[in-house]
1. Counting only DSSP beta bridges with both residues in region 67-152, what percent are antiparallel, rounded to the nearest 5?
2. Below 8 Å, C-alpha to C-alpha, sequence gap of six or more: please give me the relative contact order for the chain in percent.
3. So in the chain, what percent of DSSP beta bridges are antiparallel if you round to the nearest 5?
4. Taking a cut-off of 29 Å between Cα atoms, list the lysines near K64, but don't count ones fewer than 8 places away on the same chain.
5. Suppose a student asked you for the relative contact order of region 6-101, using Cα pairs under 8 Å spaced at least 6 residues apart; what percent would you report?
6. Provide Rg and Dmax in Å for region 12-145, with only Cα atoms included in the calculation.
7. Test of understanding: ordering F124, F109 by Cβ neighbours within 10 Å, fewest first, what list do you get?
8. Shape of region 73-188 from its Cα gyration tensor (a ≥ b ≥ c, root eigenvalues): rounded if a/c is under 1.5, otherwise prolate when a/b > b/c, or oblate?
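Coordinate-derived values only; no laboratory data. The structure displayed is predicted, hence computed values, not measured ones. Positions of Cβ are backbone-derived with ideal geometry, glycine not excepted, and every protein chain shown enters the neighbour counts.
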Amino acid sequence: MGIIGSTIKPFKATAFKAGENFFDVTDADLKGKWAIFFFYPADFTFVCPTELEDLNEHYNQLQKMGVEVYAVSTDTHFSHKAWHDTSEKIGKINYAFLGDQNHVLATNFDVLREGVGLADRATFVVDPEGVIQIMEITCEGVGRNANELVRKIKAAQYVAAHPGEVCPAAWEEGAETLAPSLDLVGKI
């Protein structure tokens, strides 16, 4: 796909967030912040509320890490509000939902299902410069794990703050990292 390392494309979307009026979010609003774009197929579905709720359980931790969360589907901001007002799980969510009924975001991130009009179940982590650092796409029947997403973001933030170091598999905050060099070739 070649999307890792690319800069997000310009966009403008109307958001719904509990306790706030509808508001616009643009690519310019992300400058200087880490952000998650959490695409899901549609409101009022089955797997989606479970993973959106799971992500919300980590929202305060993500906020402390300087990460903003945007749930995105091709539904409208009105549909997002209606789902929030009628679903116990979605009613708990504190982060913003972006309406993408014109398919700008789903197209920009290359997750729009051709001929269907729905987004794939996909996650993108964007760094403060607007560069995509992490992506994950799963089939519709497989929900994502917010614990693993938080771990990956911690690793991405560590690598961004420590040039010349990388995080090995299953790296956890505080664990040893690697400094790639010729001395390590064939010794790991």
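1. 65
2. The normalised contact order for the chain reaches 25 percent.
3. Close to 65 percent.
4. Reachable lysines: K9, K12, K17, K31, K33, K81, K89, K92, K152, K154.
5. Relative contact order, region 6-101: 36 percent.
6. Calculated on Cα positions, Rg and Dmax stand at 13.5, 39 Å.
7. By the 10 Å Cβ count, ascending, the order reads F124, F109.
8. Because a/c hits 1.5 or more and a/b exceeds b/c, region 73-188 counts as prolate.
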